[in-house]
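Structure record follows, encoded as C-alpha cells.
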Amino acid sequence: MKTQNHIEPMATRVAFHPFLAGMNRTELSLLTDCAMVVHFAPGEVIFHEGELANRFYLIESGKVILESNGAAVDPVVIDRIGAGDLLGWSWMFPPYVWHFTARAAEPVTAIFFYGTILREYCERDHALGYELFKRMGAVMIKRLQAAREKLVAVHAHKAELEPAVIRPPFMDQELDVPLPRDKAEAR
C-alpha cells in the first residue's frame, strides 16, 4: 500500500508554531500571507553576518548554528537553535543587517517570512507589531542571558568558546583520491 505524505496547509503550520501560539486569527492571516516553507541541507548558510536582513524563520525541524567571526579568525558558535525556535529578528530593527551567520547543522525545515512586507503590516497594524515585538523580545532576552552566562564561564576559565565546524554537504561523500603510498601498499 502506498502511503501519502500529508502536508499541512500554510495557515495551519503558522497557527501551530509555538512562537505564534495565542495570536488572533487576523494576525495569523497576515503572517500566513508573508510565509512559505523552506528547506536547508546540512552546512548550508541561511544568512551571512553583515548582509541585509529582510526575513525571518520559524524552525519546524532540524538544528541551526548561529556563529560570528567578530574579531576572531575562525567563526565561533554563539548559539544552537532548533524546532520551535525563531531565527532572525534583525529584519525588525534598523539598520536591518544580520549580526550573526546562521548555518544548518542538520536538515532544516522552516517557515520563511518576508520581513520587509511584514514590517509594512506592522506599521499599519500596531497590534500585530506589538505582538511580534513582545515575542521577539522574549527570545532576545533569553539568548542575551545565555550569551552572558557563556561569557562569564569563559572569563572564569570554566568553558571555552566553541569554534564553528564548517562541513559542507559534499564532505559526506567519499572522496575519490589516491591513498597515501604506505596505506595503498598495506592492501
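FYI, it's all coordinate maths here, none of it is from the lab. This structure is a prediction, so every number in the text was calculated from the model and none was measured. Quick reminder, even Gly has a Cβ in these numbers, built from the backbone with ideal geometry, and neighbours come from all protein chains shown.
Details
- Intensity falloff of segment 23-77 expressed as log10 I(q)/I(0), Debye formula with alpha-carbon point scatterers, at q = 0.21, 0.24, 0.26, 0.28 Å⁻¹: -0.98, -1.12, -1.20, -1.27
- Length-normalised contact order of segment 10-165 in % [C-alpha pairs under 8 Å, at least 6 apart]: 28
- Alpha-carbon Rg/Rh ratio, for segment 10-165, with Rh computed the Kirkwood way: 0.98
- Net length available on complete extension from Asn24 to His99 is 23.9 nm, with 0.36 nm assigned per residue and the Cα-Cα distance removed.
- Sequence-separation-based contact order of segment 67-159, relative, with Cα cut under 8 Å and 6+ spacing, percent: 22
- A cut-off under 13 angstrom between Cβ atoms defines the neighbours of Ala83, and their net charge, with Lys, Arg +1 and Asp, Glu -1, is 0.
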